[in-house]
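Derivation of every value follows stated rules applied to the coordinates shown; laboratory data play no part. Fair warning: this is a prediction, and the values are worked out from it, not measured in the lab. Backbone-built Cβ (ideal geometry, glycine too); neighbour counts: all protein chains shown.
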Amino acid sequence: MKLDHDIPGTSIFDGEQAQKGYALNRMCFSFNSAENRAAFLRDEDGYCAKYRLTPQQREAVRQRSVLKLIEAGGNVYYLAKLAGIFGLNVQDIGAQQTGMSVAAFKAKLAAAGR
Amino acid sequence: MARIVGGIATTHVPSIGNAIAKGWQNDPYWKPFFDGFPPAHQWLARVKPDVVVVAYNDHGLNFFLDKMPTFAVGAAAEYKNADEGWGLPVSQPYPGDAALSWHLVESLVADEFDVTVCQEMLVDHAFTIPLSLLWPGADNRPVRTVPVVVNTVQHPLPSIARCLKFGRAIGRAIESYDRDLKVLVVGTGGLSHQLDGTRAGFINKEFDQLCLDKIANDPDALTRYSIPELVELAGSQGVELLNWVVMRGALTGRVTKLHSNYHIPISNTASAMLMLENAAVAVRQAA
C-alpha cells in the first residue's frame, strides 16, 4: 500500500525507522518518570550513554534538532517527551522544523482555518 | 440486552487537558472548541449511558515500541492515568467493567479479531481528555469504561476497512451482551494534523469536512483511502481518524447526526467533535 511518490516533508514511522530509533525512543519513553527527567538534566551524557544512543542520536539530542532526531529514528510522540524537558511544546517544535518563528507558525495554523 | 445508544468522536489534543485544568473554557482561543460540547452534555444527561467504550491510540504511556499490539482491549476493574512527561495534570482513575470487557474479548476473538487483552492498562490523554470533555469535573465518573487501543503510531497501521470491520465486530459484541446496559462508543483524536517533519503544521480543512460527512453518513466511502494516502491527506497524526472509524463501525443501527463542531486550530490540530445517535435507541424509546 505504498504511495508511488513520497509525501514531501513527511517521514513514515515504519519498521525501518522503529529499528533505527529504538534506543532513542526507549530513552524518551523513560521520561514519563519525573525522576528520570531530573536524572537526564543532571547528567545528559551519562543518561544518553546508559540508553546506548547511537552517535547520530547523541548528536541530534545535543543539537536539540527535531529534524535530526527524526532522521535518527525518533518518533514524534516520544520526542515530545524529550522536548517537554526543555519546555518546548508542539508549536515550538513545529516552528523549529519549518524554520519559522513560533508566532509565524501559529499564524500559519490559524490561516488554515480561513 | 445491551444496546448502543450512540457514538461521539472528539479531538484529544493534550493541551485541552491543560485548558480544562486552568478553566480556560471561555478564553477566546478555546471557546470555539469548548462550545462544541454543551449539546453533548445535554444529550448524555438525557440518555444516561452506563458504560463507554473508548477507541483511542496510546502515545507511549501504556505501550512502548517493544510490544505494539494493533488492537488491544482493557479488561480491568479500574484504569489509572499517569505522568506522560509533558506536564499534564494526572487524572483520577476511571472505573472499568471487566465483565463487559471479557465479553467483548470472547466475542471479538470468535469473530476473528485476535486482540491483546490487558488486565492492567494505563490510560493516556487520548482516553482521559475526551471523557473530561463529555463529563466535566475532575472526580466526575458517572460511567464505567472499556478502553480499546488502536495502533496509529508504528506502521504498518490497520487499514480503514479493517478498522471499520473491527468497529462492527465491537458493535456485534456489545449487542450480544445479555445485561441491560446502555453503551456509548467514543472515538478520539484527529482531525488533520502533523507534528513532525518540514510539513509540520499541515492541516486539510477540505478533507476533514469530507471525513465528518462520511463518518456520519457513509463510512464505507472512506475505505478507498490507503494508509499512505490518509497520511498524505490528513497528516502523519491525522491517521487517528482510524479511531473515529472504529467508533462509527460499532454503530450498527440507523445513524442520525445530532451535532458536530469543527474549529482550526487547537494547538497544531484541526479540532472536531461529532455526535451520532444509533437508531435503535429512538425505536425503543418510542415503544
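Screening chain B for whole DSSP H helices of 15 Å or more along their axis (Cα) with average Kyte-Doolittle hydropathy at least -1.0 returns B:98-110, B:160-175, B:205-217.
Using the Cα centre as the reference, give the magnitude of the dipole from point charges on the C-beta atoms of the range B:69-202 (Lys, Arg: +1; Asp, Glu: -1; all else neutral), rounded to the nearest 20 debye.
The calculated dipole for the range B:69-202 is roughly 380 debye.
Semi-axes of the equivalent ellipsoid of the protein assembly as shown are 33, 22, 21 Å, computed as sqrt(5λ) over the eigenvalues of the C-alpha gyration tensor in descending order. For chain B, the longest piece that avoids every one of the trypsin sites (Lys or Arg not before Pro) found in DSSP loops with at most 15 other C-beta atoms within 10 Å covers B:68-178. Residues whose amide H comes within less than 5 Å of that of B:Asp58, counting only those at least five positions distant or on another chain, are B:Val150, B:Thr152 (H built at 1.01 Å from N in the peptide plane). Modelled spin labels at A:Gln19 and B:Lys48, positioned 7 Å past Cα toward Cβ, are 5.7 nm from each other. Counts of other chain beta carbons within 10 angstrom of each beta carbon in peptide A:89-100 average 5. Modelled spin labels at B:Glu206 and A:Arg114, positioned 7 Å past Cα toward Cβ, are 1.9 nm from each other.
Remark: mean inter-chain Cβ contacts per residue of A:5-16 equal 6, using a 10 Å Cβ-Cβ cutoff to other protein chain atoms.
Evaluated on the range B:88-228, the Kirkwood hydrodynamic radius is 17.4 Å, with distances taken between all distinct Cα atoms. Placing dummy labels 7 Å off each Cα toward the beta-carbon, the span from B:Val109 to B:Asn26 is 5.2 nm. Taking the number of Cβ atoms within 10 Å of each Cβ as an exposure proxy, the fewest-first ranking of B:Trp244, B:Trp102 is B:Trp102, B:Trp244. Put a plus charge on the Cβ of each Lys and Arg, a minus charge on the Cβ of each Asp and Glu, and nothing anywhere else: the dipole of the protein assembly as shown about its Cα centre is then about 580 debye. Helix A:76-85 and the longest principal axis of the C-alpha atoms of chain A enclose an angle of approximately 60°. Packing here is the average count of other Cβ atoms within 10 Å per residue, and on that basis the peptides B:150-158, B:88-96, highest first, run B:150-158, B:88-96. For the range A:32-40, backbone phi angles converted through the Karplus equation (6.51, -1.76, 1.60; θ = phi - 60°) give residue-by-residue couplings of 5, 9, 4, 4, 5, 4, 5, 5, 4 Hz, Gly and Pro being listed as x. Computed over the Cα atoms of the range A:1-101, the ratio of the radius of gyration to the Kirkwood radius (Rg/Rh) comes to 0.98.
Counting, for every residue in B:187-199, the Cβ atoms of other protein chains within 10 Å of its Cβ and taking the mean gives 5. Shown for chain B: lysine pairs separated by 8 or more places, or found on different chains, whose C-alpha atoms are under 15 Å apart, numbering 4. For B:Gly187, nonlocal amide neighbours, meaning residues 5 or more places apart or on other chains whose placed amide H falls under 5 Å from its own, are B:Ile8, B:Ala9, B:Thr10, B:Ala55. Distances between placed amide hydrogens fall under 5 Å for B:Gly96 paired with B:Glu78, B:Tyr79, B:Thr145, all partners being 5 or more residues away or on another chain.
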